[in-house]
Amino acid sequence: MDISAVLNKTELNKEDLVFLLGRTAKDELDQLYSAAYEVKKEWVGSVDYYRGLLEFSNRCIKNCRYCGIRRDNEEVERFDTPKQDIIAMARWCYDRQYGSVTLQSGERQDEAFIDFVEDVVREIKAVGDGALGITLCVGEQTRETYQRWYDAGAHRYLLRIESSNPKLYQTMHPSDGHHRWDVRKACLDSLAEIGYQVGTGVMIGLPGQTLEDLAEDILFYQKQDIAMIGMGPYVVHHNTPLGKQVVEAGLDTPEERADRLRLSVNMVAVTRLFLKDVNIAATTAMQTLHPFGREMALKAGANILMPLVTLPRFRTQYQLYDNKPCLEDGQEQCRNCLSARVASVGDTVGWGQWGDSPHFFNNLK
């Protein structure tokens, strides 16, 4: 297949997706990323939107095999951010025109947690008289819980499917009956039915994952009518079963990490070409594998950034993977750094705007 011919097609099929995802030659990658950036400019604009990321608790009932805050990781000191501090950081984001915040935590499903999140959402909605957009990223819940939080004022929800292949999904989770692909899929369905702008995503470069799997992930986004996508390379955490397995198998060399990064940027580009009007995040994990990983994603079609506003005293305890960047940066430093990154690729920041997914509203027409 010729890459120019594929990129000039009006509609891409699965075979085209697999072909584009597998490109490795520099000249072909340049063509791929350039084409994706042109689609970004046409469909969502060369404007990148901020979601102030506040990781407010690392307590988790799940035991995912890849995650640094998994339930059985006893190295982690658990924390809960006081509500007044969360609201103060939301106000900080409002004052600096971030436009939106993302509240992220480990998974819990107890009533105290559900009430706490509901209260926090209501109080954030009062900041600036509803001026801040609110994304939640707090895992699998009942439909009733999702409805409560939506009614309180959250309007976006990010729940990564992690892989659209149930068999590959199971390799990332213990076989204990509490980590089921069909339950996660049902949560995505419930969120969409309630009216959330639904976000999902996958990890890229997992052991046993194929280009066909990744192409199916993109088709899954389409089938689920996903509005926003957050995906990035698999990055090892040293004290997890999957991390130890990967290291012992010699699959975490610099070459392997470079391959995962390239494949991740390819996924951003191909997803942009295929879905056009969705929001796509330039994730922190990309910067973990390369100092300019987020810029690479922006130039390949991403349009969302999530500057860290987690309280500095808790940041080292919220590491889903090793070598997470920006842990020592202050909020202002992070803001200025990201603004420079955006400017370096020729984009502008959508200050004070929610930056909702055009796809979500295009589907309502």
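The values are calculated or read from the model by the stated rules, or taken from the named source; none is laboratory data. The shown structure was predicted, so the numbers you read here are calculated from the model rather than taken from an experiment. Here the Cβ positions follow ideal geometry from the backbone for every residue, glycine too, while neighbour counts run over all protein chains shown. SASA here: full protein model, heavy atoms, side chains in, ligands and nucleic acids out. Shrake-Rupley method; radii C 1.70, N 1.55, O 1.52, S 1.80 Å.
A few comments on the model shown:
- For segment 108-218: Kirkwood Rh in Å [reciprocal of mean 1/r, alpha carbons]: 15.3
- Short-range pairs are left out: with C-alpha atoms under 8 Å and at least six residues apart, the relative contact order of segment 112-209 is 31 percent.
- Gyration tensor (alpha-carbon) shape descriptor, segment 232-353, a/c threshold 1.5: oblate
- Global geometry of segment 60-132, whether rounded, prolate or oblate, following the gyration tensor of its Cα atoms and the 1.5 cut on a/c: prolate
- One quarter of the surface of the convex hull around the alpha-carbon atoms of the chain equals 16.9 nm², the direction-averaged projected area.
- Relative contact order [Cα under 8 Å, 6+ residues apart], the chain, whole percent: 26
- When the listed pairs Lys26/Lys324; Lys9/Lys41; Lys40/Lys125 are checked against a 24 Å cut-off, the alpha-carbon distance exceeds it for Lys26/Lys324; Lys40/Lys125.
- Among the cysteines of the chain, those whose beta-carbon sits 4.7 Å or more from every other cysteine beta-carbon are Cys60, Cys93, Cys137, Cys187, Cys326, Cys334, Cys337.
- Of the residues Ala186, Leu159, Thr171, the one whose Cα sits farthest towards the positive end of the charge dipole of segment 151-211 is Thr171 (charges of +1 on Lys and Arg Cβ, -1 on Asp and Glu Cβ, taken about the Cα centre).
- Size descriptor, Kirkwood hydrodynamic radius, that averages inverse alpha-carbon separations across segment 1-57, Å: 13.5
- When you filter the trypsin sites (Lys or Arg not before Pro) in segment 2-70 for DSSP loop state and at most 13 other Cβ atoms inside 10 Å of their Cβ, you are left with Lys9.
- Rounded to the nearest 500, the 222 nm mean residue ellipticity of the chain from helices alone is -13500 deg cm²/dmol, with -39,500 (n - 2.57) taken per DSSP H run of at least 4 residues.
- Probe 1.4 Å, accessible area per residue of the chain, Å²: 40
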